[in-house]
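The values are calculated or read from the model by the stated rules, or taken from the named source; none is laboratory data. The model shown is predicted, which means the values in this text are computed figures rather than measured ones. In this analysis, Cβ positions are derived from the backbone assuming ideal geometry, glycine residues included, and neighbour counts consider all displayed protein chains. Accessible surface areas use protein heavy atoms only, side chains included; no ligands, DNA or RNA. Shrake-Rupley method; radii C 1.70, N 1.55, O 1.52, S 1.80 Å.
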Amino acid sequence: MIRVPGFEGRRVAVFGLGRSGLTAARALKAGGAEPVLWDDGISSRMQAEAEGFAVEDLTTSDWSGFAALVLAPGVPLTHPVPHWTVEKAKEAGVEIVGDLELFARALAALSEGRRPQVVAITGTNGKSTTTALIAWVLKQAGLTVHMGGNIGIGVLALPEPVPSAVYVIECSSYQLDLTTRFAPDVAILTNISADHLDRHGGMDGYVAAKARIFAHRGPGAVALIGVDERWGADLAARVEGAVSIGVGGEYRPSAGQLETPSDAIDLSGARSLAGRHNAQNAAFAYAAARALGVDHEAAVEGLLSFPGLAHRMEPVGQIGQVKFVNDSKATNADAARQALAAYERVFWIAGGRAKAGGIDDLAELFPRVVEAFLIGEAAGPFAAALGDTPHRISGDMASAVRQAYEAASRTGREEVVLLSPAAASFDQFPDFEVRGEAFRAAALALGAQSEGAA
């Protein structure tokens, strides 16, 4: 755990007692603060009480006595309307922070010789893969690496800082909205496309939240920005010394910041980095590793050995010449675009709870779809968008996997059955992980041999 200093003997309100909220309360208490906790859910309050925390109804509290409000990232800060705790904090002049800001302050409080390095990654799509890939490359190079934040372990639950460590942190727009001093040594923005607009009041607010990752860069800090859409390109032009990285993996460093390899890196032997978008992820990881002193050969070796993340372009099995690829994390059209673009031919399983725009923006990739198999609430609208592209409404995951395999196996050639839903999972599954596991189970039930099976 990372102890949070600066609030010794002072009351700090904590609202939202999910993973980040309880972890923040523990870190504050370890640092000498007196956290006061509240949540709308009784079970969350009971858990807090069981851990010995003060649980107090913040609707009736004296807010003038609080040093800060620690807000869970899932709680609205500004849009659609500010949460009532936000209104009370502002009325009392109480600062509002999140767990990422507490992490930043804990590191800033250390003397310069004791501070670890921080790599922070944000973006609409690709941030989890890039985060895991960077952590993997750095570990393979022999560094002490702690990965967390919006992926895996809450940032304040990571091990206490030591000077030789590197924290690799995935940051959501919600977390960044609650920061004022966060200053990573390497800050990465993978890409920006429309998402979470209701929580940020539109695209301008969303872009501004993402851009906060660069707001407090110190001397020598590195900024890596994906530039294949206008928002990223605009940011790269505004952020001094930014390194621009394209989807194909090309990057253009500022003079003196990073060395570029004399030859292009061949990723054909990397089983978990298929597609142009993963070439971009690899470029981010390579540039970050080089910025932290990893040599070229070690960085490339790490890229090629990366095992990949579950539910992100994950090969889950094969029957004969038919490969099953699980990209359940593709919860919007822009994410699905990357998977579709990675293959010349796909038997595509798509659908769920559609987001704004559906799959209309993917029309130029429909020629790659041999046939689509549609599930969930979006099946009808997706069918209309597909038009003359062969498709059928399968309804549920098991039916879609079976029908896609039967169709693919009849061609007599190497084929890919791709789950890349371009939609949220919440109509049929509690989250994208459960959806991905349903896809995997359905493929294995048909007789697919899982990756690595003899």
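When +1 charges are put on Lys and Arg Cβ atoms and -1 charges on Asp and Glu Cβ atoms, the dipole computed for segment 163-316 relative to its Cα centre reaches about 340 debye.
If DNA, RNA and ligands are ignored and the probe is 1.4 Å, what is the ranking of E95, E170 by accessible area, most exposed first?
Per-residue accessible area, sorted high to low, gives E95, E170.
Note that segment 26-112 presents 44 Å² accessible area per residue, ligands and nucleic acids not counted, probe 1.4 Å. The packing ranking of peptides 112-121, 267-276, highest mean first, is 112-121, 267-276, where packing means the average number of other beta carbon atoms within 10 angstrom of each residue.
With every protein chain kept in the model, how would you rank W231, W38 by accessible area, 1.4 Å probe, largest at the top?
Descending order: W231, W38.
Using the 1.4 Å probe convention, the accessible area of segment 311-380 works out to 34 Å² per residue with neighbouring protein chains retained. Compactness ratio for the chain: Cα radius of gyration over 2.2 N^0.38 Å (N = residue count) comes to 1.02.
A simple rule links phi to the HN-Hα coupling: the Karplus curve 6.51 cos²θ - 1.76 cosθ + 1.60 with θ = phi - 60°, which for segment 78-87 gives 10, 10, x, 9, x, 5, 4, 5, 5, 4 Hz, with x for Gly and Pro.
Considering only protein heavy atoms and a probe of 1.4 Å, how much of the accessible area of segment 89-135 is carbon and sulfur, as a whole percent?
C and S fraction of accessible area: 42 percent.
Counting only lysines at least 8 places from K355 when in the same chain, those with an alpha carbon closer than 30 Å to its own are K127, K210, K323, K329. On a 0 to 90° scale, report how tilted helix 127-140 is relative to the longest principal axis of the chain, with both axes built from alpha carbons and the result rounded to the nearest 10. The two axes meet at around 80 degrees.
Kindly work out what percent of the DSSP beta bridges joining two residues of the chain are antiparallel, to the nearest 5. If I count the DSSP bridges inside the chain, around 15 percent turn out antiparallel. Residues M313, M46, sorted by accessible area with the largest first, give M46, M313 [1.4 Å probe; ligands and nucleic acids excluded]. Of the GluC sites (Glu not before Pro) found in segment 409-454, those that fall in a DSSP loop while having at most 12 other beta-carbon atoms within 10 Å are E414.
On C-alpha positions alone, give me the angle between the axis of helix 19-30 and the longest principal axis of the chain, in degrees, nearest 10. Orientation of helix 19-30: about 30 degrees from the principal axis.
Summed over qualifying helices (DSSP H, 4 residues or more, each -39500 (n - 2.57)) and divided by its residue number, the chain shows a 222 nm mean residue ellipticity of -9500 deg cm²/dmol.
Got a number for carbon plus sulfur as a percent of segment 316-454's accessible area, 1.4 Å probe? Carbon and sulfur: 49 percent of the exposed surface of segment 316-454.
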